[in-house]
Amino acid sequence: EGKFSKYLFYAIGEIILVIIGILIALNINNRNLVKQNEATFDALFGKILKDLIIDFKEADRILAFDTRQDSIMNLLLNNRVTEENYKNLNGFMSLIVNYEPMRFSDNGYNNLAGMNEKIPKKYNEVVDQLNTLYLDAKLSVIRPNEVLGDLVLENLKKWANTKPWFSDMQANNSEKINYLLTDPFYKNDVRLFQIYLQGNHMTSITTYKHLIAKSYISISKILEPEKQIPEFISSYIVEIPVNELQYYAGEYEDVDSG
């Protein structure tokens, strides 16, 4: 009986030690899985940072193009465009039959949306910002892209059906230039194009840039807290006017007045 009690005591002790070893192994394994999962998401958010930079620069390019178009339209509507302008300067001839659509670099976000692993808690706020950027604000940019594209096609068809010079769009013939300088309905078309350009396209892309900058800074603070934010990003953070918030809050409407 004494030996049996001793053996039983040893057996229980060994069982306890085995259980403790298993728990320690499980804990170590769980920590490793957490680290691997976090490393996976760190790499993915690093990719998203690169995408945000590409999108920010793309928005800059589009806004520069739109701003130049808008300036030319103002000159035309105020009767300050000359025949020499049409002959010698780019952009005047194709004012309402050309536009630059915003293109998006969102592969990183799309990969994030397809991940089954649990996103680390440190990224919760960032994910909300990215959802607003890519699910709401992006849509508010796509719609003006489509509207301007439709207007361009409509104007091209109109010219094709009514203007003899359409077949040679590059020609600077006097009939074409006279139409662009004096026709009141052409000016109406220019004004309509400008309304959508200013009120929809430029406004939505400007808002998109704000959200890009904020998302970039939030991610950088987590991934690269010691690294300096690019100046062109950090200097862009300003308060977004309330009326612009409508564009990424699902309240987008076409602008049909100045």
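The values are calculated or read from the model by the stated rules, or taken from the named source; none is laboratory data. Since the structure is predicted, the reported quantities are computational estimates derived from the model, not experimental observations. Reconstructed Cβ throughout: ideal geometry from the backbone, glycine too, with neighbour counts over all protein chains shown. Quick note on the areas: whole protein, heavy atoms, side chains included, nothing else; ligands and nucleic acids left out. Shrake-Rupley method; radii C 1.70, N 1.55, O 1.52, S 1.80 Å.
A compact table of results
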item	result
Segments 218-229, 193-204, 148-159 sorted - mean Cβ within 10 Å per residue, highest first	193-204, 148-159, 218-229
Protection proxy ranking of 174-187, 121-134, 46-59 - average other beta-carbon atoms within 10 Å, highest first	46-59, 121-134, 174-187
Per residue solvent-accessible surface (Å²) - segment 1-108, probe of 1.4 Å	64
Accessible area of the chain belonging to carbon and sulfur atoms, whole % at 1.4 Å probe	54
Reachable lysines from LYS57, criterion Cα separation under 30 angstrom, eight or more residues apart if same chain	LYS47, LYS121, LYS122, LYS138, LYS209, LYS214, LYS221, LYS227
Accessible-area order (highest first, 1.4 angstrom probe) of the listed residues PHE9, PHE65	PHE9, PHE65
GLU146, GLU14, GLU38, ranked by accessible area, largest first (probe 1.4 Å)	GLU14, GLU146, GLU38
